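Colleague: Pasting a structure here, questions to come.
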Amino acid sequence: MPEFEPKYAELQSIYDISNEFFELFLGPTMGYTCGFYEQPDTTRDAAQNAKFDLALGKLGLQPGMTLLDIGCGWGGGMRRALEVFDVNVVGLTLSERQREYATAKLADVPTRRTVQVRLQGWEEFDEPVDRIVCIGAFEHFGHNRYRAFFDMAYRVLPADGAMLLHTITAITQDDAQRLGLPLTMSMARFNRFVMTEVFPGGQLPTMAMVADRAIEAGFIVTRAHEIGTNYVRTLQDWAAALATNKDRAIAAQSQEVYDRYDKYLNGCVKLFRDGYASVHQYTLEKARRR
């Protein structure tokens, strides 16, 4: 019995609403995390693939290695790992619809490598892998699970193993005061809306939380790469695509769901533009335990 049970019901309530609905604004990559805009004319889809490549490129992947993708979503990162890095991939998701979508899409990738998309939580995983990537899932784990997560990652990696953790990070009240950023009631209400109606059960880490828990588990933080300014354009691109596909989105779900995501995507722009939240990619390498 794992120390924590995977949050199947909670995550399925978020991601199982409709693959069609999400594809209307996420596009063919189905990347639902901050993109990486390398040029002023970088498109939404190119930015998502560039994000995946940026993350995977920090892991020192070699052909034939086995990569564990924790919170693999609809399989966009796994696809890039197969196409660009020629590795075996194991993806974990708690969403049945994500698993079905990713399995079907990855079946079209010509590869000699092993591809597995599992309906499984990290809490249930205990197999050796060479590298780990976790993009946009850490925000779902909850603060009290961080140490158990890093302990699991440390345990399944080899002595020279590494993990890339991509996560949204939040500032503290002290940070806000130091930066002169007001914490208003309207902002508090919006944050509550996001954490109850869009990502129920979600908790954002601070930068210190990630580093401290990873180090406690035995990792060395070799890089903390901030890319949060890219989330402004990511959100704007998603919001524009959703608005363009408004009628189809309502038909796929409802006016209520459309309004909820329109409010979420447009409202979050200010948080990342003004610096209340950011995105970091942490490169973590195993250190010898004391």
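The values are calculated or read from the model by the stated rules, or taken from the named source; none is laboratory data. Model, not experiment: these values are computed from the prediction. Here the Cβ positions follow ideal geometry from the backbone for every residue, glycine too, while neighbour counts run over all protein chains shown.
One line per residue, one yes/no per condition, for (1) among the aliphatic types (A, V, I, L, M); (2) touching a strand residue (DSSP E or B) at 6+ places or on another chain (Cβ under 6 Å); (3) farther than 21 Å from D259 by Cα:
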position	(1), (2), (3)
F193	no, no, no
V198	yes, no, no
A211	yes, yes, yes
I215	yes, no, yes
F219	no, yes, yes
T222	no, yes, yes
G228	no, yes, yes
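Colleague: Give me the pairs, please: first residue somewhere in the range 29-48 and surrounded by fewer than 16 Cβ atoms within 10 Å (Cβ to Cβ), second residue anywhere and small (G, A, S), beta-carbon distance under 7 Å, and either six or more positions apart or on two chains.
Modeller: Close Cβ pairs satisfying both conditions: E38/A50.
Colleague: Let me ask something else about it. Take the residues in the range 1-28 that are at pLDDT below 90, part of a helix (DSSP H, G or I) and among the polar types (S, T, N, Q); name whichever of them is surrounded by the most Cβ atoms within 10 Å (Cβ to Cβ).
Modeller: Among them, the one singled out is Q12.
Colleague: Among the residues of the range 144-170, which ones are out of contact with any helix residue (DSSP H, G or I) (no Cβ under 7 Å at 6 or more places or on another chain) and either closer than 20 Å to T196 by Cα or acidic (D, E) (or both)? Explain how you work it out, then say what you get.
Modeller: Of the residues in the range 144-170, the ones out of contact with any helix residue (DSSP H, G or I) (no Cβ under 7 Å at 6 or more places or on another chain) are 144-145, 148, 153, 155-162, 170.
Residues satisfying the conditions are N144, R145, D160, A170.
Colleague: Out of I220, I227, which single residue is under 30 Å from P158 (Cα atoms), β-branched (V, I, T), buried (at least 18 other Cβ atoms within 10 Å of the Cβ) and in contact (Cβ under 8 Å) with a residue 40 or more places away in the chain?
Modeller: Checking each option against the conditions leaves just I227.
Colleague: Here are Q120, Q116, Q98: which of them is of a type in the set (S, T, N, Q), touching a helix residue (DSSP H, G or I) at 6+ places or on another chain (Cβ under 6 Å) and closer than 15 Å to C72 by Cβ?
Modeller: Values: Q120 fails: touching a helix residue (DSSP H, G or I) at 6+ places or on another chain (Cβ under 6 Å); Q116 fails: touching a helix residue (DSSP H, G or I) at 6+ places or on another chain (Cβ under 6 Å).
Matching residue, one of Q120, Q116, Q98: Q98.
The rows are residues; the columns are (1) without any contact (Cβ under 8 Å) to a residue 40 or more places away in the chain; (2) under 15 Å from the mean Cα position of the chain (by Cα).
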site: G60; (1), (2): no, no
site: M65; (1), (2): no, no
site: G75; (1), (2): no, yes
site: N88; (1), (2): yes, no
site: G91; (1), (2): yes, yes
site: S95; (1), (2): no, yes
site: A107; (1), (2): yes, no
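Results for (1) at positive phi; (2) of a type in the set (V, I, T), shown as yes or no for each residue.
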{"position": "M78", "(1), (2)": "no, no"}
{"position": "D86", "(1), (2)": "yes, no"}
{"position": "L94", "(1), (2)": "no, no"}
{"position": "R97", "(1), (2)": "no, no"}
{"position": "R113", "(1), (2)": "no, no"}
{"position": "I135", "(1), (2)": "no, yes"}
{"position": "R147", "(1), (2)": "no, no"}
{"position": "L157", "(1), (2)": "no, no"}
{"position": "L164", "(1), (2)": "no, no"}
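Colleague: Need a quick list: helices (runs of 4 or more DSSP H) entirely within the range 190-289 having at least 2 residues that are hydroxyl-bearing (S, T, Y).
Modeller: 230-244, 255-274
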